[in-house]
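The values are calculated or read from the model by the stated rules, or taken from the named source; none is laboratory data. These figures come from a predicted structure and were not determined experimentally. Don't worry about glycine lacking a Cβ; one is built from the backbone with ideal geometry, like all the others, and counts go over all protein chains shown. Protein only, heavy atoms only, side chains kept; ligands, DNA and RNA dropped before computing areas. Shrake-Rupley method; radii C 1.70, N 1.55, O 1.52, S 1.80 Å.
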Amino acid sequence: MVDFSTSRSWVESDVFEITDFTTASEWERFIAKLEEIIHEWKLTFSSKARKLTKGELTTGKWQETVESLQFADFKFLVSRYCLNGPADEVKAFGDQSLDSSTSREITILSNNEEEQGSGESGQSEVEEDGDKEVIPLVWQDMMSSENDFPGRCHCLCRWYGLRDFVVLAPANNMEDILSESRANLLMSSVAIALHNTSSQVPIFIQVHQRWRRLFLGQCISGGFRTSFEMVHLKNIPHQHSHMAGLLDVFRAKINSPVADHSLVSVAVRFTYVLQDWINYSWPQQPPGDYLQEFVLLCQRKESTGQLLGRTIGEPVDDTDVSQALSRLTEPVPYNLPSLGTVVTRATSKLQMRPEEAPIPVTTLNEILLFIFPDAKNEAKTSNNAVETITELDRASVSSQQSSAQSEGDGDSQKYTEIFKQFKSAPVDSLCYRLAVCMCIVNHSYGGLRAVIHLWQEFVLEMRYRWENMILIPDQQLGSINMGFSLLHQKLQMLNCCIERKQSREARHGKPSSNNKVKHRRISASSDVTEGGDDSESQHKSQSKGDSSFSSEEEFYECLESAEEGTSAEPSEMVTSPESDQPESMETDSGSTQKAEGRLKPCGDMKLINVNEFLFIPVTQEPAPMTEDMLEEHAEVLAKLGTSAEGANLRARMQSACLLSDMESFKAANPGCTLSDFVRWYSPRDWIKEDVVGEDGTVTVKGQLSQRMQIPGNVWTEVWQSANPVPAHRQRRLFDDTKEAEKVLHWLSSMKPADVALHLMPMLIHASVTKLLEQEESQLPMLKKLMNHISNKATRAMRAPKLDIKRFEVPDLVRQISRAETVLTRAQSLLTKFSQEKQDLNLTIQELQQFVSNLLELPDVQIMGAARGPLGTIIHRLFAAAQKNVYLLPEEDNAEEGDKTIKNIPDFPDPVGKEYILRTMSQRPSPWSRSSPQRMYCVLMKDDFRLAAAITSDTTFQ
């Protein structure tokens, strides 16, 4: 037998545990976390990527990855910057391995004819012996001359030419690393992490103040260590202000122990700035000033009374304007003045003298004439109006004309759909002109006071037109278009009210004022202006003897007209085709009902129970509604709840138009039934069936649909409650008086900030239109920018509610200003270059492409260099600027043999000098392997920087 207890005791005595009671320090945890991040980012795999193409560091797409790292209570941010490349072009380590039994020569530095320096570009060779060794990626980037001085990239990429690196920097709320001990501790941590993970990606730490952009870094690969060091000074040392001094610094930094006769390759870049454009004046307002100033109005808190001393909302003649609507409905025995009289008196008084008005009287009248072109006096149009509004004409009229002319162009058609998506107003509408005038008035006539002054005069003009039945110009008649801004919808509603009022007054034989167009010429010094006497007398006559308000409280006369627009008097009867006399019919109760309000027969259809033709009645038009009215109506319906009583009330509210049509139908067709009404009003609810009789004949019979036969349905209840009343004797579905006063109250009660916000959609529309009209807008960069602006403007304009934050007005205006700046630069450059290309073989397409590249790219290659046509133009511009600096005459006026002109350089002193020095050297000992060395130098007026990458052999020291 086997003694299991003995066996178990032997196993337990052989296996033992070691408990580590030591505690990891903060420094060790920091290094471990850094190593963890390196593993997560997969930076431990050695690979050889493809060779970078020329300019790829500038045009390529960079990827940034950020992680947080804690050292005790100090927070760091670890960021990786990597140039994305095609994945299939990155090859694995094993595919590029070197055979251990052979040696291979790898070229690190190649000749470059475009490089300039103290020595010719040399060619060095590195012989790599060993098992599976490759040239580190960082070496390839350091010594490659295809991407010298990249434009748009990280500063470390510009200084060292790296495509992949990691940066360890203090978090935004942390203090800078100023002490040398802290910097050394971090560098030691980075070295340990790189050694433990075998990562070949260089890691940098940011030290000193952030604005200095000072970095220290390391890279360990294949028995070599590359140290990245920097020097930053505010002033250029005298001994280092030239190439010889920089070469001395570079060789001293390398400090090779052997006699170093290797060539140093130098890439040079000088930067010149052309500041004086001689013989080229380009006067223009700073881009975006008008819009940027107007945007600030949307955030102002002042009221109209604080700005103009208005009396609106205060009692006038012991009458409270705020209670005007409620008082009209009170059953009081005394006579009340009309609502128009009360509101007009309150809104027509400005407590200011003419000299205190923000806008002069003459200028104000001309602006109003521009906004309301139908009020212009033909005798004065050619003399005063057009001449005085020159600024407005340049800003808006020319924009409208040019946009109208460009509608037929192919390029403009591309933006037609974009403008349709804008929720603003048509280009030739009143709102569009008002918005442009407001923007100019704000910029040129005193800011917000001038804007609100013009707005109040605009509101007074709207009331004058309503009271005198003058249609608002350039407003679409008919239904309200919800695709436009709310302000434009309100003016459309007011125009509908004026149109209905004209029709109603015409039925009573009162002349319309629309045939005799009047204009309310506002003067800041008077309470009543031109036309004010007529308006005041009209109000007095209404308050004394006009009973139109009270007489129409129960029944309102609406327009009864045929499709041709002819109106019929209330006493008229529409006759049937068979008789010239009004038809009458005996109803079920025995009384005789006369047919009223007939429009025309409905084909050959006849009534079911009566052998009479079915006539289409004259009906009331549905009440137009703006989007805010629809929202309020929907909220009211939603608040009724889901109870039976609420559902019944909701159905009655929604069936007001249905009741009116049923009453008109009953009046036009005595003896009709619900089935007759459904046959005309909703044919799909009349189901026809073929019925075969006993004799085999097929007859067509119809019946109501199932939903119409449900007991207690809305249609049945409304039909039972409907009385035969023609449309002209029904209560109006659309009370134009009430709705017009609502619109006028909405306009007059808006705060100045709300006025500016409601005008912003039209201003943005005008700005985008003006930019797209320019020929330079077809440049590739501007096309992208304008598409971005148009899409953003569409989203902002169609937001559920206008708000300064949701509307994103400031950001949108900044984008428009940027586009205007780019467009202005393009126009300026094209104008200046076009005048210099007259004697050169250069097409306008080539010039446009060059200007587009200048605006879009940081660096542009000039074909043919200084001897090409573009190089010649640039040379001429610099030479002309130099002559102006030295106050020299033009060549035509210069005396022959004047040697002074020949001694003047064609180019000024460079504002910046950049150098990149490269070489291969053995360090730190004579038997060390040759490794790449690089130093970047920049010399500017207030900036001197050296960024060196020095490599040492850690195997053969």
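Once the Cβ-Cβ distance between MET863 and ASP374 is put in as r, and R0 is 56 Å, what FRET efficiency do you end up with, to the nearest 0.05? Don't skip to the answer; put the middle values down first.
Working: r = 58 Å, r/R0 = 1.03.
Between MET863 and ASP374 the formula returns 0.45.
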Problem set entry | For region 593-709: accessible area per residue (Å², 1.4 Å) | 57
Exercise. Accessible area of THR65, 1.4 Å probe, to the nearest 10 Å²?
Worked result: 50
For this session: Would you mind telling me the share, in percent, of accessible area of region 154-235 contributed by carbon and sulfur at probe 1.4 angstrom?
Result: 51
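Of the accessible area of region 738-857, with the probe set at 1.4 angstrom, what percent is carbon plus sulfur?
Working: 2570 of 5410 Å².
Ligands and nucleic acids excluded, carbon and sulfur reach 48 percent.
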Problem set entry | Interchain or long-range residues, amide H under 5 Å from LEU214's placed H | VAL207
Exercise. So which of LYS420/LYS792; LYS54/LYS832; LYS423/LYS490 end up more than 23 Å apart by C-alpha?
Worked result: LYS54/LYS832
Exercise. DSSP loop trypsin sites (Lys or Arg not before Pro) in region 25-64 with at most 14 other Cβ atoms within 10 Å of their Cβ, which ones?
Worked result: LYS42, ARG50, LYS51, LYS54, LYS61
For this session: Provide the gained length on full extension for the span VAL700 to VAL911, in nm with one decimal, where the gain is 0.36 nm per separating residue minus the Cα-Cα distance.
Result: 66.3 nm
Exercise. For the pair ASP176 and ASP690, how long in nm is the line joining their label points, each one 7 Å along Cα→Cβ?
Worked result: 9.5
Seminar exercise, completed: Here, LEU274 and HIS788, labelled 7 Å along Cα→Cβ, have an inter-label distance in nm of 2.7
Seminar exercise, completed: If amide H atoms are modeled at 1.01 Å from N in the peptide plane, then the residues at a separation of 5 or more from LYS606, or on another chain, having amide H under 5 Å from its own are LEU614
Exercise. Tell me, what is the per residue accessible area of region 794-884 in Å², probe radius 1.4 Å?
Worked result: 54
Seminar exercise, completed: Expressed in angstrom and ordered largest first, the alpha-carbon extents of region 723-814 along the principal axes are 67, 30, 21
Exercise. Where the centroid of each part is defined by its Cα atoms, how far is region 669-739 from region 647-668 in Å?
Worked result: 12
Problem set entry | Accessible area of region 448-489 belonging to carbon and sulfur atoms, whole % at 1.4 Å probe | 56
Exercise. Under the classification rounded if a/c is under 1.5, otherwise prolate if a/b is larger than b/c and oblate if not, where does region 196-268 fall, given a ≥ b ≥ c as square roots of the Cα gyration tensor eigenvalues?
Worked result: oblate
Problem set entry | Zone residues, region 621-661, relative to SER749, backbone N less than 15 Å from point 7 Å out along Cα-to-Cβ | 628-629, 632
